[in-house]
Amino acid sequence: MRLVIGSDHAGYELKQVLAEFLRASGHEVLDVGTYSTAPVDYPDYAEAVAGAVRDGQAERGVVICGSGVGASVAANKIPGIRAAICHDGYSAHQGVEHDDMNVLVLGSRVIGGELAKDLVRDYLGANFSGEERHVRRLAKVKGIEARYMHIEC
């Protein structure tokens with residue numbers, strides 16, 4: 001799978017661990033930064049990840065900041081992006097299966113590397129169910145986005 005990964009300075013070390021893990025698992029990984037622990041602003045990297053997913057450069061994305069909250073908020077500002085912070089396996093796969101989540105957000109100050117690998121594995125192993133109730137709900141979410149963004153879904 002083609003994936004994009006990015007982080008702010010707080011997530012840099014976890015991003016490095018996950019990028020290596022994803023490549024070793026056979027995925028193509030686009031790393032959009034940051035490339036050090038020097039302080040940077042998380043919205044820049046959340047936007048870079050979300051933009052790569054929206055533009056088709058990657059099928060799914062992973063973005064990491066200290067708590068995951070800021071990156072989640074920022075990524076969700078991009079039309080077509082359904083980002084969620086997940087720190088448990090159920091949410092990581094259910095977010096894809098029910099909500100067609102396309103960006104996984106992680107908090108590097110909340111979880112460790114091994115749990116992060118498990119969450120990424122759960123996220124990437126899941127597929128949108130296509131069940132009528134989930135399709136209906138997703139259409140409503142896209143409708144909300146269209147009304148507020150003045151774009152077509």
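The values are calculated or read from the model by the stated rules, or taken from the named source; none is laboratory data. Since we're looking at a predicted model, the values are computed, not measured. Glycine also receives a Cβ, built like all others from the backbone with ideal geometry; neighbour counts cover every protein chain displayed.
Details
- Selection count where residues are of a type in the set (D, E) and within 19 Å of the chain's Cα centre (by Cα), scope region 123-153: 1
- The residues of region 1-43 that are more than 19 Å from G70 (Cα to Cα) and of a type in the set (V, I, T), listed by number, are V17, V29.
- Test for E132: is it surrounded by 11 or more Cβ atoms within 10 Å (Cβ to Cβ), out of contact with any Lys or Arg (no Cβ under 6 Å at 6 or more places or on another chain) and acidic (D, E): no
- Failed condition for A146, given (1) in a helix (DSSP H, G or I); (2) modelled with pLDDT of 95 or more: (2)
- If you go through region 53-67 and keep only what is assigned to a helix (DSSP H, G or I) and touching a Lys or Arg at 6+ places or on another chain (Cβ under 9 Å), you end up with just V53.
- Test: residue in region 91-107 that is in a helix (DSSP H, G or I), free of Cβ contacts under 8 Å to residues at least 12 places away in the same chain and not acidic (D, E): yes
- Among all positions in region 36-53, there is no residue which is polar (S, T, N, Q), closer than 20 Å to M101 by Cα and in contact (Cβ under 8 Å) with a residue 12 or more places away in the chain.
- Contact map, region 67-78: first residue more than 9 Å from A50 (Cβ to Cβ) and modelled with pLDDT of 95 or more, second residue basic (K, R) and not in a helix (DSSP H, G or I), Cβ cut-off under 9 Å, separation 6 or more or different chains; pairs are S67/R109; G68/R109.
- Yes/no for V4 being in contact with a helix residue (DSSP H, G or I) (Cβ under 9 Å, 6 or more places away or on another chain) and either surrounded by 15 or more Cβ atoms within 10 Å (Cβ to Cβ) or of a type in the set (A, V, I, L, M, F, W, C) (or both): yes
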